[in-house]
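Presented below is the structure to which this report refers.
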Amino acid sequence: MTLLVFIPIKDPLHNPLTIYDPACSSSGMLTESQDFITDSKDEIKAKAGVYLYGKEMNPETYGICKSDTRIKGNDPENILFGSCSMLLRYLSYRDLD
């Protein structure tokens with residue numbers, strides 16, 4: 001699935017690169033995307049900073065995702081629990097700080 005997203009991109013990726021998964025489950029797509037970019041043989045992709053964000057509604061997979069995110073060295077605060085409407089509220093409050 002990660003290849004379907006990134007292979008068609010022929011231009012250099014933005015740096016830093018933000019990846020958002022609105023239904024991140026246990027973070028598989030997020031971490032696979034990060035691995036694809038940082039393990040790339042393409043110098044431009046390999047040097048891109050990657051920031052992962054996600055949202056999950058299921059309490060069990062949300063907990064797994066937060067743990068997996070922390071274990072892999074990413075910020076678990078970027079993984080939110082709840083629906084899209086909660087995400088929009090979070091982002092609006094976060095911008096006010």
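The values are calculated or read from the model by the stated rules, or taken from the named source; none is laboratory data. Remember, it's a predicted structure, so these values are computed and weren't measured experimentally. Positions of Cβ are generated from backbone atoms using ideal geometry, with glycine treated the same way; all protein chains shown enter the neighbour counts. Accessible surface areas use protein heavy atoms only, side chains included; no ligands, DNA or RNA. Shrake-Rupley method; radii C 1.70, N 1.55, O 1.52, S 1.80 Å.
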Once Val5, Val50 are ranked on solvent-accessible area with the largest value leading and a 1.4 Å probe, the list reads Val5, Val50
Extending each Cα 7 Å along its Cβ direction at Lys72 and Ile9, get the distance between those two points in nm, one decimal. 1.5 nm
Give the ranking of Leu80, Leu4 by solvent-accessible surface, highest area first, calculated with a 1.4 Å probe. Leu4, Leu80
